[in-house]
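Engineer: Input: one structure, supplied below.
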Amino acid sequence: MKLNWGTGIFLFYSFFAFTLFYQVYKSTQYDHSLVVDNYYEEDLKYQSTLDKLNNSSALTTPLKINYYEGLHIVELEFPEGIKQITGSILFYRTSNKKEDIRLPIRAGAENCLDIFVRTLAPGLWKIEVDWVGDGKHFLDRTDIFVPMELEEGVLSSVL
């Protein structure tokens with residue numbers, strides 16, 4: 001069977017139109033939401049965020065955020081001289097805001113707080129600790145990577 005010019009042009013434009021409609025359909029299925037719902041309001045309040053970050057960097061003993069991968073624990077060690085610690089901890093994923101978790105700070109007698117993170121999905125998590133100590137506001141940030149759990153024996157069967 002021979003194809004003439006008219007049939008070839010028709011097939012080309014049909015394929016082009018189908019591809020275009022498919023791309024439009026796929027773009028409507030994508031979640032275009034921002035990480036923060038009220039993005040512009042948060043942007044206007046950014047100076048207070050900078051002040052909190054400056055307060056944190058001015059501490060002689062900064063807040064220590066340790067992640068113990070094997071135990072699935074995030075440990076917060078607040079500076080010893082600061083009392084009356086309150087605030088919140090935000091675990092958030094830049095890929096999916098529905099997985100974000102906000103927890104209140106309940107520091108113990110030794111200014112330490114252990115958080116079990118076994119339920120976090122594998123991947124990169126950002127931790128933001130917004131805290132108040134002795135009436136002064138602080139903000140500390142760090143990233144952790146939660147690895148995918150392997151069942152016991154799976155690794156040895158692969159090797």
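Engineer: Which members of the range 80-94 meet the condition of being surrounded by 13 or more Cβ atoms within 10 Å (Cβ to Cβ) and part of a loop (DSSP other than H, G, I, E, B)?
Structural biologist: Answer for the range 80-94, where residues must be surrounded by 13 or more Cβ atoms within 10 Å (Cβ to Cβ) and part of a loop (DSSP other than H, G, I, E, B): I82, I85, R93.
Engineer: Consider only pairs whose beta carbons are under 7 Å apart and that are at least six residues apart or on different chains; among these, list those whose first residue lies in the range 38-62 and is within 20 Å of I82 (Cβ to Cβ) and whose second residue is surrounded by fewer than 11 Cβ atoms within 10 Å (Cβ to Cβ) and modelled with pLDDT under 90.
Structural biologist: T61/E80
Engineer: Here's something else I'd like to know. Please go through the range 32-79 and pick out each residue that is surrounded by 14 or more Cβ atoms within 10 Å (Cβ to Cβ), aliphatic (A, V, I, L, M) and at pLDDT below 90.
Structural biologist: V35
The values are calculated or read from the model by the stated rules, or taken from the named source; none is laboratory data. Because the structure is a prediction, the values reported are computed rather than measured. Note that we place each Cβ from the backbone using ideal geometry, even for glycine, and neighbour counts take in every protein chain shown.
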